[in-house]
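Report on one structure; see the data block that follows.
The values are calculated or read from the model by the stated rules, or taken from the named source; none is laboratory data. Since the model is a prediction, treat every value here as computed from it, not as a measurement. Methodologically, a virtual Cβ is constructed for each residue, glycine included, from the backbone with ideal geometry; neighbour enumeration extends over all protein chains shown. Note: accessible area is taken over every heavy atom of the protein model, side chains too, but ligands, DNA and RNA are not part of it. Shrake-Rupley method; radii C 1.70, N 1.55, O 1.52, S 1.80 Å.
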Amino acid sequence: MDKNELIQKYFEKSLSPEEAAMFENLLADKEFADEVAFQKKIKKVITHEERATLKDKLRTFENQKTSTDKWWYAAASVFVLLGTAIWFMGQKPDYDTLYASYYETYPNVIAPVVRNNNDTITDTEKAFAYYEKQDYNKALEIFQTIIRTSPQEEYAQFYSAISYMELAKFSEASKILSGTNWSKKYADDAIWYLALLELKTDNPDASRKFLLEASKTSRYQKESLELLKKLD
Amino acid sequence: MNKETQIIIGLKNGDERTIHSLYKAYKPEFLAFASKYNLTADDLLDVYQDAMVALCENAKKGNLENLNSTVKTYFFSIGKYMIFARLKKKKQLFAMEDLETFPFEWEDEYEEMDEEIVILKNLFKNLGEQCQQILRLFYYEEKNLDEITVLMNYENKNVAKTQKYRCIKYLKQLFKDRNNG
């Protein structure tokens, strides 16, 4: 086994006892020891960077409410909560269950995964093949490539959003669904999925807003009305 | 998919909404629990955030996959550990007793930064996205090369291996130039 592979396995924590002994012995060799030390530094740098980024993010969660009047808000919200809790005791809808009963993976209506033998596979076909196999990570990657090369392809945006939802990456999904200027083809769907997404992430008010919109003319009118009723 | 699995997947993917909702959900109980220790309010909040970072980090490394407790229990174990570690740092506690073992990794040495590390960090940030990503997956998320091959859509494991090797070599060259120049 070459030295690089030993080092790789060391970081993967997959050295066998024999390999571990070999690794230990090799540390006497300065070049080898330096290489290990350098890679440990890389690990340290990346760890530090990632932790700092995440911690900064957490700090912004704190700053989202102003500190003045915090006490008042706290006191007021306790009363409101208490009141609401008593009022709705036993009849609060379970958002997760509602989500599960209404959410459906959007079907592939773009690229049917049947083709002639001599055809070369296009990226679109590849993406939808993964999509249908429920390999959403891979599907996403290809959708993203499609968006980069042809940003006008609306379906790639839309199916990216659905893939994100399947992967429970709700912020990403939300960004696409609410940040895209949808044509008629996807406008109804986008609103409907946004409503479900907000429900899933415990924001019933935001969800209601989208449902109200969908209940007007959308092709999800029936479901929206139903769901609105259950949320009340 | 049940709620626990959803949380674990969300954390693993670094989903901001999942993190934010847990952050809000655990905070009051954590602060109440932690208030019996002799730490300032600033310290408590800082410890809480560190514990949350550790939770996310361990989720990324796949340590939550075979959890035999809830995510919440796991989080509070981390929190407790973090409180003790903080007290120890402030020399208010000498032994880390009373801590059950649980599958949680947190190496504190990563907190210290010397000049060399600062330089290397800047060089790392200037690498191409592809290199940053592969090194991040390998060293931080502790994915093995098979997983990286899939995640980054490489042709096969050897391509991933070569790519990683090149990135390390390039970074090392930059670092050497920087130190000699």
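Some observations on this one:
- Residue tally, condition open to solvent by 60 Å² or more (accessible area, probe 1.4 Å), more than 11 Å from chain A (Cβ to nearest Cβ) and of a type in the set (S, T, N, Q), over the range B:113-159: 4
- Neighbours by Cβ (under 8 Å, 6+ apart or cross-chain): first from the range B:70-90, without any contact (Cβ under 8 Å) to a residue 60 or more places away in the chain; second open to solvent by less than 20 Å² (accessible area, probe 1.4 Å) and among the polar types (S, T, N, Q): B:78/B:58
- Residue in the range B:57-70 that is farthest from the other protein chains (Cβ to nearest Cβ), counting only those that are touching a helix residue (DSSP H, G or I) at 6+ places or on another chain (Cβ under 8 Å) and within 18 Å of residue B:141 (Cβ to Cβ): B:67
- Candidates A:209, A:175 - the one that is among the charged types (D, E, K, R), modelled with pLDDT of 90 or more and under 30 Å from residue B:151 (Cβ atoms): A:175
- Only a single criterion out of (1) surrounded by 18 or more Cβ atoms within 10 Å (Cβ to Cβ); (2) part of a helix (DSSP H, G or I); (3) hydrophobic (A, V, I, L, M, F, W, C) is not satisfied by residue B:39, namely (2).
- Scanning the range B:160-171 for residues that are of a type in the set (S, T, N, Q) and surrounded by 14 or more Cβ atoms within 10 Å (Cβ to Cβ) gives a single hit, B:163.
- Qualifying positions in the range A:39-65 - more than 7 Å from chain B (Cβ to nearest Cβ) and among the acidic types (Asp, Glu): A:56, A:62
- Residues that are away from chain A (no Cβ under 12 Å), open to solvent by 50 Å² or more (accessible area, probe 1.4 Å) and either within 24 Å of residue B:141 (Cβ to Cβ) or touching a Phe, Trp or Tyr at 6+ places or on another chain (Cβ under 9 Å) (or both) are absent from the range B:1-14.
- Selection status of residue B:25, of a type in the set (Gly, Ala, Ser), part of a helix (DSSP H, G or I) and under 27 Å from residue A:167 (Cα atoms): yes
- Residue within the range A:209-222 that is buried (at least 20 other Cβ atoms within 10 Å of the Cβ) and within 14 Å of chain B (Cβ to nearest Cβ) present: no
- On the stretch given as the range A:177-186, residues that are surrounded by fewer than 22 Cβ atoms within 10 Å (Cβ to Cβ) and in contact (Cβ under 8 Å) with a residue 12 or more places away in the chain total 6.
- Cβ pairs under 7 Å, 6+ apart, first in the range A:6-29 and closer than 23 Å to residue B:63 by Cβ and within 14 Å of chain B (Cβ to nearest Cβ), second surrounded by 14 or more Cβ atoms within 10 Å (Cβ to Cβ) and basic (Lys, Arg): A:15/A:9
- Filtered residues of the range B:161-181 (kept if facing chain A (nearest Cβ under 10 Å), over 19 Å from residue B:144 (Cα atoms) and not charged (D, E, K, R)): B:171, B:175
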